[in-house]
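Below: the structure, in structure tokens.
The values are calculated or read from the model by the stated rules, or taken from the named source; none is laboratory data. On a predicted model such as this, the values are computed, not experimentally measured, just so you know. Neighbour counts are summed over all protein chains in view; Cβ atoms, including those assigned to glycine, are modelled from backbone coordinates with ideal geometry.
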Amino acid sequence: MRKGDQGSIIAIDLLRFACALLVLGYHFGVAYWVAPSPHGETIMAGTPWHFGGTPLARLGWIGVELFLVVSGLVIARSALDLRWTQFLWKRTLRLAPAAWICATITLTVLATSGRFGLGMLIDEWWRSIRFWPDGTQIDACYWTLGIETSFYLLMALAVGQRGRARRIEVIGMALGAASGAFWLWWLWAGASPNLPLRNTSMMLSLLPHGCFFAIGILIAGLARDGMTWWRGVALALLMPVVGIELTAHAAERVEAIHVAPSVPLAGLIFLGGITVLIAAPRLQPLLARWVAPGVARTIGLMTYPLYLLHQDIGAVLLTTFARAGVPPRLAAGLSAAAVMTMAWLIARWLEPALRGVLVATPERFSRFRALGRDILPSASPPAG
């Protein structure tokens, strides 16, 4: 992955999809039963099943942390040759259409379930499609979109400048340092894990999650022009920060699911994901023998709508199957297959169509266009 190489990287696409499956497994295997979302609690009321989840399912939230690393890598690669207006417009084209489609589908499914007032759902839908971070979203998974948006705004400061690759890394390392200082303060203060991980304003500041974006930016630099002593030092300093965040996140999940996730296993999963990202360019020829780049790209593009769709729509599907007498494991499998099919349809047809409409906007937006082909979509979950 040298400068100017903007091709699809198979390992990154596959890792993104694996992250989405981790988050899906967490909700389907644990959270629905012991820590549902606000909508999920209403949807699942009266369902007789109860599961505590497997050790891996209890750690599914680690997929979000890896999503953020991938996002840092993707943005550091895709922002190099753009003005800041182009950068923000391209990010809008990647973030907004799928979110608008998924929010509308979720609104429709929740409204037809008969368990929610239409006025309330429309308010939540309007809040979600505007990426307004405060208040209840149409699906609880939308919380990560505010974090992604904050990161994009920060990165806009780095583009359109001379030496922008260096500037991106400098801003990324400043973000990582601020995140490290924050988590050291958290340890010193003995604060509750709910403070950084459930406080909207704090999350939008990027302090709790900045270490992940910074690692992704560093990996992009490694792929571009190799290891340097300062990149090695930065990675070595950021990894303990990640360990603190994972420990805090595990403690926060204990309060929610009443079972302690394994922090060492979370660390191993995270390190495995980082290893894949660092090795991704070298893995490309090997993986290309087994997975066509176009197929991998479609799988990668499914990740974002799958993440946005799976939680509350999955709960509706699961309870529908339950009332029909379908066994729990089969019901979960059918529900997961249904949301993955919806994600494929959105990624393959609906989202490109809506994005095409936005690209063909009136002439007054022409100064944001002429962007070229973007094959590095947002990693958001971001994005659980």
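Overview of values
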{"quantity": "Any hit, the range 208-231, residues being among the aromatic types (Phe, Trp, Tyr), assigned to a helix (DSSP H, G or I) and surrounded by fewer than 17 Cβ atoms within 10 Å (Cβ to Cβ)", "calculated": "yes"}
{"quantity": "Some residue of the range 136-146 being of a type in the set (D, E, K, R) and either at pLDDT below 95 or assigned to a helix (DSSP H, G or I) (or both)", "calculated": "no"}
{"quantity": "Residues that are on the phi < 0 side of the Ramachandran plot and assigned to a loop (DSSP other than H, G, I, E, B), drawn from the range 106-135", "calculated": "Ser113, Arg115, Phe116, Gly117, Arg130, Trp132, Pro133, Asp134"}
{"quantity": "Filter result (surrounded by 15 or more Cβ atoms within 10 Å (Cβ to Cβ), assigned to a helix (DSSP H, G or I) and among the β-branched types (Val, Ile, Thr)) within the range 322-358", "calculated": "Val339, Ile346"}
{"quantity": "Subset of the range 317-339 [under 22 Å from the mean Cα position of the chain (by Cα), under 22 Å from Ala111 (Cβ atoms) and among the hydrophobic types (A, V, I, L, M, F, W, C)]", "calculated": "Ala338, Val339"}
{"quantity": "Out of Ala178, Ala191, sole residue that is at pLDDT below 95 and either touching a helix residue (DSSP H, G or I) at 6+ places or on another chain (Cβ under 9 Å) or not hydrophobic (A, V, I, L, M, F, W, C) (or both)", "calculated": "Ala191"}
{"quantity": "Scan of the range 288-306 for residues that are in a loop (DSSP other than H, G, I, E, B) and surrounded by fewer than 14 Cβ atoms within 10 Å (Cβ to Cβ), ordered by number", "calculated": "Arg289, Trp290, Ala292"}
{"quantity": "Single unsatisfied condition, His310 versus (1) surrounded by 24 or more Cβ atoms within 10 Å (Cβ to Cβ); (2) at pLDDT below 95", "calculated": "(2)"}
{"quantity": "Among residues of the range 76-105, those that are part of a helix (DSSP H, G or I) and over 22 Å from His310 (Cβ atoms), counted", "calculated": "13"}
{"quantity": "Residue count, the range 46-69 (criterion: touching a Gly at 6+ places or on another chain (Cβ under 6 Å), assigned to a helix (DSSP H, G or I) and not small (Gly, Ala, Ser))", "calculated": "3"}
{"quantity": "Whichever residue in the range 234-269 is crowded, with 20+ Cβ neighbours inside 10 Å and of a type in the set (Gly, Ala, Ser) and, among such residues, is farthest from Gly221 (Cα to Cα)", "calculated": "Ala250"}
{"quantity": "Residue, surrounded by the fewest Cβ atoms within 10 Å (Cβ to Cβ), within the range 19-64, restricted to residues that are under 19 Å from Leu308 (Cβ atoms) and of a type in the set (Ser, Thr, Tyr)", "calculated": "Ser37"}
{"quantity": "Lone qualifier among Gly221, Gly267, Gly300, Gly294 - being of a type outside the set (Ser, Thr, Tyr) and closer than 30 Å to His39 by Cβ", "calculated": "Gly300"}
{"quantity": "Test: residue in the range 270-287 that is surrounded by 14 or more Cβ atoms within 10 Å (Cβ to Cβ), over 13 Å from Arg58 (Cβ atoms), charged (D, E, K, R) and over 23 Å from the mean Cα position of the chain (by Cα)", "calculated": "no"}
{"quantity": "Options Ser71, Ser113; residue that is under 18 Å from the mean Cα position of the chain (by Cα) and among the hydroxyl-bearing types (Ser, Thr, Tyr)", "calculated": "Ser71"}
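Quick grid of which residues meet (1) in contact with a His (Cβ under 6 Å, 6 or more places away or on another chain); (2) surrounded by 13 or more Cβ atoms within 10 Å (Cβ to Cβ); (3) over 22 Å from His39 (Cβ atoms); (4) of a type in the set (Ser, Thr, Tyr):
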site	(1), (2), (3), (4)
Thr112	no, no, no, yes
Ile122	no, yes, no, no
Thr136	no, yes, no, yes
Tyr142	no, yes, no, yes
Tyr152	no, yes, yes, yes
Met155	no, yes, yes, no
Ala158	no, yes, yes, no
Ile168	no, yes, yes, no
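Condition check ((1) touching a Cys at 6+ places or on another chain (Cβ under 8 Å); (2) more than 26 Å from Thr85 (Cβ to Cβ)) across all residues:
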position: Gly176; (1), (2): yes, yes
position: Leu184; (1), (2): no, yes
position: Gly190; (1), (2): no, yes
position: Phe213; (1), (2): no, no
